[in-house]
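Before any comments, here is the structure.
The values are calculated or read from the model by the stated rules, or taken from the named source; none is laboratory data. Worth saying up front: this structure is predicted, and the values here are computed from it rather than measured. We place every Cβ from the backbone using ideal geometry, glycine too, and count neighbours over all the protein chains shown.
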Amino acid sequence: MSSLTAVQETTFKDLGLHADLIRTLYNQGITVPFPIQAATIPDAIAGYDILGRGQTGSGKTLAFGLALLHNIYGKRAKPHLPLALVLAPTRELAQQIDEVLHPLARSIGHDSVVIAGGMPYGKQVNALKKATSILVATPGRLIDLLEKDEVSFEALQITVLDEADQMADMGFLPVVKQILNQTRKGSQRMLFSATLDRGVDGLVNQYLNEPKSHSIKEIEGAKAKSDHYVFVLDHAHKADISNQIASREGKSIFFVRTKRGADKLSLNLANAGVKVGTLHGGKSQAVRTRTLARFKNQESAVLVATDVAARGIHVDDIDLVVHFDAPADHKDYLHRSGRTARAGKTGRVVTLATHKEQRTVGGITRRAGVEPWVMAIKPLDEKLISITGAKEPTGIPTKEIKEKTPSMPRHKSAKNRAKRVRNQNKFNKGGSGRKRSF
């Protein structure tokens, strides 16, 4: 297994990429490959299967994307017969992969489409009819289209599995195997994953043919690029401290365990005067897309997210991650923390722990290989301000607060309205058929 080191002298031309792709990269201001790109692209464009190990933020999308595009250069797809497939665990991640690949694909005469649930079905089918070359898909929707014969893998030349360990965490491995079983034997496959447990090693052994392996050491050690802190606090102070951290300048993401917890924290922050977005599985796709776009485009922004929803958050300039709720285990800790210190940058990771939670959090950080600074914190503590940039919130509820109030499902709301009408009618009749007089 190769170990990646900085390759500052290497250029994309040195890697053997087609000139049209290099020109598009240059126009985007991308001139020097990241280590994972410099290591994997030559092997990938030579046709080898690739096993890339490392967490998010390494530049994996361009690593497999550039090789994929180089290898289908000059070829043409036919209706319902794509040339390349990228599988991702969430639609958010699929959309962000497509944002990277789409302009590069267009520069060499190809097109791409996102195939995912919660998005217009007809638009995806029409894209397949128009002979789209590259599918960026989540497993569930793709299986649906395969079963309805809207897509076939007879001409598929390249398959990429991105964030394979997250697909395993989300229970997608059986569906992923169904998909891989329909791809052509001997076609090129690339798999990228932070770890090889939870069944990912089985995918490697079963579906990759003598892969060229590359371990992204500098990304596996991304915790060294972040300063980690555990703030030990009284439970009564947790809301105030969270409000003050969220009022800082810069991009911050707060992680919570549940959808209800995410809505509650967002509402509290909005009441305190913090402009905040919420990302969890209970939000519609349109709201999730709009929330993530707003978070990416603002210099100072706060996002509250659950673990599953955050799988697709790939934003390079998040400089603070806050574990509002302690993660379930050390792997979730690393996945969450990996949202900062991306693309060679540094960041800070803060875990809020009550005195009762301190021991549990200590075990999680030890298993994650992290040695955090542990300190007692109170609202507007000097340490809190110097480490996070916390400040007193305005206290003026934001205009988005209405969106943060959890809404009742439409069918329940209708039932309750009908029940209120019945009760009112019964009240008016006095229970005996006579109208009550006052």
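Can you go through LEU303, LEU292, LEU265, LEU279 and tell me which one is of a type outside the set (Val, Ile, Thr) and more than 21 Å from GLN96 (Cβ to Cβ)?
Details: LEU303 fails: more than 21 Å from GLN96 (Cβ to Cβ); LEU292 fails: more than 21 Å from GLN96 (Cβ to Cβ); LEU279 fails: more than 21 Å from GLN96 (Cβ to Cβ).
It is LEU265.
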Top-ranked residue of the range 67-95 - restricted to ones that are more than 19 Å from SER187 (Cβ to Cβ) and either of a type outside the set (Asp, Glu) or surrounded by fewer than 21 Cβ atoms within 10 Å (Cβ to Cβ) (or both), ranked as modelled with the highest pLDDT
PRO79
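Could you grab me the full set of residues in the range 366-388 that are within 16 Å of ASP227 (Cβ to Cβ), surrounded by 18 or more Cβ atoms within 10 Å (Cβ to Cβ) and out of contact with any helix residue (DSSP H, G or I) (no Cβ under 7 Å at 6 or more places or on another chain)? Walk me through it before giving the result.
First, pick out the residues of the range 366-388 that are within 16 Å of ASP227 (Cβ to Cβ): 368-375, 377, 383-388.
Keeping just the survivors that are surrounded by 18 or more Cβ atoms within 10 Å (Cβ to Cβ) gives 368, 370, 372, 377, 384, 387-388.
Passing the criteria: only ILE387.
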Note: among LEU161, LEU173, LEU196, just one is under 21 Å from LEU68 (Cα atoms), crowded, with 18+ Cβ neighbours inside 10 Å and among the hydrophobic types (A, V, I, L, M, F, W, C), namely LEU161
Those residues of the range 367-382 which are in contact (Cβ under 8 Å) with a residue 12 or more places away in the chain and charged (D, E, K, R), in sequence order
ARG367, GLU371, LYS378
Taking the criterion of being touching an Asp or Glu at 6+ places or on another chain (Cβ under 6 Å), modelled with pLDDT under 95 and either surrounded by 15 or more Cβ atoms within 10 Å (Cβ to Cβ) or assigned by TED's automatic domain parsing to the domain that holds SER133 (or both), would at least one residue in the range 7-27 satisfy it?
no
Which one of these does PHE192 not meet: (1) in contact with a Lys or Arg (Cβ under 6 Å, 6 or more places away or on another chain); (2) more than 21 Å from GLY338 (Cβ to Cβ)?
(2)
For the range 206-228, does any single residue satisfy the condition of being more than 25 Å from ASN71 (Cα to Cα), modelled with pLDDT of 90 or more, buried (at least 17 other Cβ atoms within 10 Å of the Cβ) and not acidic (Asp, Glu)?
yes
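From the list ASP149, ASP98, which residue is charged (D, E, K, R) and surrounded by fewer than 18 Cβ atoms within 10 Å (Cβ to Cβ)? Break it down into steps so the answer makes sense when it comes.
Values: ASP98 fails: surrounded by fewer than 18 Cβ atoms within 10 Å (Cβ to Cβ).
Result of the check over ASP149, ASP98: ASP149.
Within the range 83-96, which residues are under 19 Å from LEU156 (Cα atoms) and within 19 Å of the chain's Cα centre (by Cα)?
Correct list: LEU85, VAL86, LEU87, ALA88, ALA94.
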The range 266-290, residues that are surrounded by 22 or more Cβ atoms within 10 Å (Cβ to Cβ) and either among the β-branched types (Val, Ile, Thr) or part of a helix (DSSP H, G or I) (or both):
SER266, LEU269, ALA270, ALA272, VAL274, VAL276, THR278, ARG288
Among the residues of the range 110-123, write down those that are more than 21 Å from the chain's Cα centre (by Cα) and at pLDDT 95 or above.
HIS110, ASP111
Can you name every residue in the range 101-126 that is hydrophobic (A, V, I, L, M, F, W, C) and crowded, with 19+ Cβ neighbours inside 10 Å?
LEU101, LEU104, ALA105, VAL113, VAL114, ILE115, ALA116
So which strands (runs of 3 or more DSSP E) stay within the range 146-255 end to end and still have 2 or more residues that are touching a strand residue (DSSP E or B) at 6+ places or on another chain (Cβ under 8 Å) and in the same structural domain as ALA63 (by TED's automatic domain parsing)?
158-161, 188-193, 212-215
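For the condition in contact with an Asp or Glu (Cβ under 9 Å, 6 or more places away or on another chain) and among the acidic types (Asp, Glu), what is the one hit in ASP98, ASP111, ASP165? Spell out how you get there, then give the answer.
Numbers: ASP98 fails: in contact with an Asp or Glu (Cβ under 9 Å, 6 or more places away or on another chain); ASP111 fails: in contact with an Asp or Glu (Cβ under 9 Å, 6 or more places away or on another chain).
Step by step, each of ASP98, ASP111, ASP165 is checked, and only ASP165 is in contact with an Asp or Glu (Cβ under 9 Å, 6 or more places away or on another chain) and among the acidic types (Asp, Glu).
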Scope the range 37-94; condition of a type in the set (Asp, Glu) and under 30 Å from ALA286 (Cβ atoms); matching residues:
GLU92
